[in-house]
Amino acid sequence: MNTNDLLSLTGKLALVTGGGRGIGEFIARGLAEAGANLIIVSRKKSNLEEAAVEIASKYGVEVLPIVCDLGKIEDINNLIDIITNSHKRIDILINNAGVTWGAPTLEYPLAKWDQLFNINVRSVWILTQKIANLMKEQGGGNIINISSIFSYRGTDEKIHPAVPYNSAKAAINLLTMNLAVKLAHFNIRVNAIAPGFFRTEMMSYVEKPEYVENYSEMLNQIPMRRFGEINDIKAVAVFLASDAAAYITGHVLAVDGGYLAR
């Protein structure tokens, strides 16, 4: 099989959570460009439907947008019902949806800590378990979790005042490795991508005048001296989702411009 065939996702169906904007949308576009049909999920209907229409028209694939709050078990169950009734299979699961919320560490409210872990860890596990059961029945599949470079280290308060975020993403790394071992005999691969600083709507605040000092400090910590863009991550996801990575499981791949190498 040649390299182009190994990287092709033609005929595959991918579920991308948080696929209406940011890194989730970047990845959704990459998968579509490689030939995959998509189900994209988000809490915000407007972003979701706009992305679905644009991706479908540009890449000629099927894109089904589903509004879903992954923090609610009833929404996850409804999502699974739609999938089993309409498609009956998922070849690729991208667990991208996540939240962050900042406050001074010594004043961080427990309710926000619980909310962040609920979305960033608990919902990932619930959805993954349900989709992995579908993948087991269909003979295999591919799961990619979106972690963060912050899962490997502490972060300065003024750059990232969201104390539970790092711990939640570290949990995703270990969940990735654990599931890779436990699901390998079902022909299910589980990997993760740990993005660094990317130019997304979520990160746009750092370029505002009042944050200019922090923005400069962030850039100084990145050896390549720039934020990531869509082309820096979409093909990475395609690679891990494709047969080109058929012998890779349990790996967390940093895409960070050299940030973790310092």
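Quick note: the coordinates plus some simple rules give every number you see, no bench work behind them. Just so it is clear, the structure is predicted and the values come from calculations on it, not from any experiment. Virtual Cβ from ideal backbone geometry, glycine too; neighbours counted across all protein chains shown.
Helix-only arithmetic for the chain: the sum of -39500 (n - 2.57) across DSSP H runs with n ≥ 4, divided by the residue total, places the mean residue ellipticity at 222 nm at -13000 deg cm²/dmol. Pairs exceeding a 27 Å alpha-carbon distance, out of 130/234; 44/88; 58/136: 58/136. Bridging of residue 169 to lysines at a Cα separation below 16 Å is possible for 112, once same-chain residues fewer than 8 apart are set aside. For residue 129 and residue 106, the difference between the fully extended length at 0.36 nm per residue and the C-alpha to C-alpha distance is 4.8 nm.
Checking the a/c ratio against 1.5 first, then a/b against b/c, what shape does the Cα gyration tensor give for segment 42-89? Oblate.
Angle of helix 123-138 to the longest C-alpha principal axis of the chain, folded into 0 to 90 degrees and rounded to 10: 20°. Under the convention that each Lys and Arg Cβ holds +1 and each Asp and Glu Cβ holds -1, the size of the dipole of the chain around its Cα centre is about 460 debye.
If you take the Cα centroid of segment 226-262 and the Cα centroid of segment 1-68, the two points sit 17 Å apart. Each listed q (0.10, 0.14, 0.17 Å⁻¹) maps to a log10 I(q)/I(0) for the chain, found by the Debye formula over equal Cα scatterers with no solvent: -0.48, -0.96, -1.42.
For segment 59-159, the relative contact order comes to 36 percent (Cα pairs under 8 Å, sequence separation of at least 6).
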